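Have a look at the structure below before the remarks.
The values are calculated or read from the model by the stated rules, or taken from the named source; none is laboratory data. Keep in mind that what you see is a predicted model, and the values were worked out from it rather than measured. Cβ sites come from the backbone with ideal geometry, for glycine too, and all protein chains shown count toward neighbours.
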Amino acid sequence: MDTARELDNRNRADDDAAKPLIDVEERSMQDTPYPEKTVGKPFVDAPKMKLRHVNVFYADNQAIHDVSLDIGKNEVISLIGPSGCGKSTFLRSLNRMNDTIDICRVKGELHLDEQDLYDPKLDVVELRARVGMVFQKPNPFPKSIYDNVAYGPRLHGLADKKYDLDEIVENSLRSAGLWNEVKDRLHSSGTGLSGGQQQRLCIARTIAVSPEVVLMDEPCSALDPIATAKIEELIDELSESYTIAIVTHSMQQAARVSHRTAYFHLGRLIEVNDTETVFTKPEHELTEAYITGRFG
Amino acid sequence: MSETTAKVRKSLARRYRQEKRFQAYGILSIGVGLLALLILFTDIIGKGHSAFFEHYIQLEISLDRDVLGVDDASDDEQLNYANFGGVIKEALRERFPGVDDRQQQRQLYALVSSGASYNLRDELKADPSLLGGTRNLWLLADDDVDLYLKTSEKKRPEARLGDQQKQWIEDLEAAGDTEKRFNASFFSHGDSREPELAGIGSAIVGSFFTMLVTLCLSFPIGVAAAIYLEEFAPRNKFTDFIEVNINNLAAVPSIIFGLLGLAIFINLFGLPRSVPLLGGLVLTLMTLPTIIITSRAAIKTVPPSVREGALALGASKMQVVLHHVLPLALPGMLTGSIIGMAQALGETAPLLLIGMVAFIVDIPGGPTDPATVLPVQIYLWADSPEQSFVAMTSAAIMVLLAFLITMNTLAVVLRKRLERRW
């Protein structure tokens, strides 16, 4: 209940925070018409996730307007855009985390492979085992490092024996690049780690259930540059086995880690292109204005 | 110096003065509080400490078979009907010869507590070979004698005893035949008309059973209600209504709960009166709002990020609550419950209405035996005319306070120990 309310508040706070950012130049940009449909290459062949005409509402307030997008297999796609443009909302509808918000409604066709995400028959627990999520603020459970990583596999009964579980934990921590730092203190608390380590622990926790897609909601915004660099490296390695969608405020980060970049503007998907194209030759005026820093 | 700086400097002195004054008010109020507490404690301890000791009188007693009417000391039946009173009276007459007047004799006999015969019986039971012999034995003194021995020399002339009695007591004291001992029976005996025999034993046991029933009912119900309201309930008019009413219940005077218990539990459901089970039920009703409110507050402090993390891993709502919310909120819930229990332990008014104000001599053996509780026992003794009960009342208050302080300390320690940071 309260999670919902707080999230709702947070989203509203985001909207409020966005307002002062719309400066004089932004106002002039507002005259720029939205494109009829998303420019660039929103669709790919054989997508992992196929999203069509997605609309998201908070009560009567429409946060996402008719977004259609494909997420390719083993690709890293970054979602960028000014604050309050709906990137996080969009991301959260991909593993139905928006379900926790009472007033939030998602419409449209969202598919993971052939599976309809909003099929009433689909068990959301199963979906979240396939689509994992890493949050903005590192949120390890106040349990031991081992238990943090083992939590997901235990929930889903992925390991029958202690030995198997140990192996999953070790592999996940290795994949998250954390193994060497924590192998001697697996049973000390996860909250005692540094911010960057905590975030990698959260990533290890997410990949411990072997999801197919990993959603990352500004995973580095609470971290220092060195920790950020480590996570970015990690994203690069993870893309070999996982499909990754990452929301970021840092355009450099988007440029460094992603294969494709989607630019959101006030709830609309303006442009999707190969990352290089977006940052060198953006097709749409709004995209250009944003990446050149005329508004943020 | 610029104009602004000058103005700031001028206002600074005033601001600091204000701050000092503000702090002084705070210190003053804390001081008043501490002073009140100090006065309360000095008064209670000053009055009550003497009740933890009682006096014994030594008499040379001949356990004569004929007077006692016992010829086999190992026979319980005979001991139960033995005339121990007669033996004691004889011993007293021998100790102070020449008391022939009937009224004087009665005064003499009053030196020893009526409970002394039980002392004697126990002694004889423990050692049957005493029968027929003569022994120096310590007997419990009457409460007036006890009080007289406890008062200082200066105040003794004002005591409520006859001059003759005072003389006897002085004689006994001078001969070293009086002794002050720790009053163990204060903790083990039930209530009695005789202050020297009365104790808080039955009240403590009654309080224990009452609290047990209260805890067993109010903690699970309160926590379950809090979790449902906080985590699962939809937010609508109905749940708002419930929330308002829970807050209202917390403010309802406790005597109303007593009336409710009387009307519902006794009259409607026909539960027996004066029993801890009933007291526990009534106190559960009273404690529930406190536990629900504190538990909900504890649940609210669990950061949403932890819930989200678990949900995103595919935990169901139930699993999120059981694995994450409950362990993190538990210290707060326990603290709230202990504070609620402490409140219930000190509660008197509702229990008066459901008959727990009875005069209970026996120690209750279970939650369905008639019992009284500590605060009610205090209330009863405070009402008693015997002077010795003044000290007993204060002593009982000290015991109650000790329990309350222990519980509240436990609450603080638990909170400190189990508190987790994230």
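B:Glu123 satisfies every condition listed in (1) over 29 Å from B:Gly69 (Cβ atoms); (2) of a type in the set (D, E, K, R); (3) surrounded by fewer than 20 Cβ atoms within 10 Å (Cβ to Cβ) except (1).
Count of region A:149-167 residues, restricted to those that are surrounded by 20 or more Cβ atoms within 10 Å (Cβ to Cβ), more than 10 Å from chain B (Cβ to nearest Cβ) and either within 21 Å of A:Met216 (Cβ to Cβ) or touching a Gly at 6+ places or on another chain (Cβ under 8 Å) (or both), is 1. Regarding A:Ala227, is this residue assigned to a helix (DSSP H, G or I) and surrounded by 24 or more Cβ atoms within 10 Å (Cβ to Cβ)? Answer is no for this residue.
Restricting region B:266-308 to residues that are within 14 Å of chain A (Cβ to nearest Cβ) and among the hydroxyl-bearing types (Ser, Thr, Tyr) leaves a set whose member that is surrounded by the fewest Cβ atoms within 10 Å (Cβ to Cβ) is B:Thr301.
Scanning region A:130-148 for residues that are within 15 Å of the chain's Cα centre (by Cα) and either aliphatic (A, V, I, L, M) or away from chain B (no Cβ under 11 Å) (or both) turns up A:Val131, A:Met133, A:Val134.
I'd like to check something: does region B:355-370 contain any residue that is part of a helix (DSSP H, G or I) and either at pLDDT below 90 or within 30 Å of B:Arg160 (Cα to Cα) (or both)? No, there is no match, as no residue in region B:355-370 is part of a helix (DSSP H, G or I) and either at pLDDT below 90 or within 30 Å of B:Arg160 (Cα to Cα) (or both). Consider region B:396-422 and keep the residues that are surrounded by 14 or more Cβ atoms within 10 Å (Cβ to Cβ) and under 9 Å from the mean Cα position of the chain (by Cα). The one that is farthest from the other protein chains (Cβ to nearest Cβ) is B:Ala396. The conditions of being outside any loop (DSSP other than H, G, I, E, B) and closer than 21 Å to B:Phe257 by Cβ are met by B:Pro375. Across region B:311-322, the number of residues qualifying as more than 7 Å from chain A (Cβ to nearest Cβ) and either closer than 10 Å to A:Phe141 by Cα or surrounded by fewer than 19 Cβ atoms within 10 Å (Cβ to Cβ) (or both) comes to 3. Considering only residues that are more than 10 Å from chain B (Cβ to nearest Cβ) and not hydrophobic (A, V, I, L, M, F, W, C), which ones fall in region A:199-216? Within region A:199-216, A:Gln199, A:Arg200, A:Ser210, A:Glu212 meet the criteria. Restricting attention to region A:95-121 and to residues that are of a type in the set (Asp, Glu) and without any contact (Cβ under 8 Å) to a residue 60 or more places away in the chain, the residue that is nearest to the other protein chains (Cβ to nearest Cβ) turns out to be A:Asp99.
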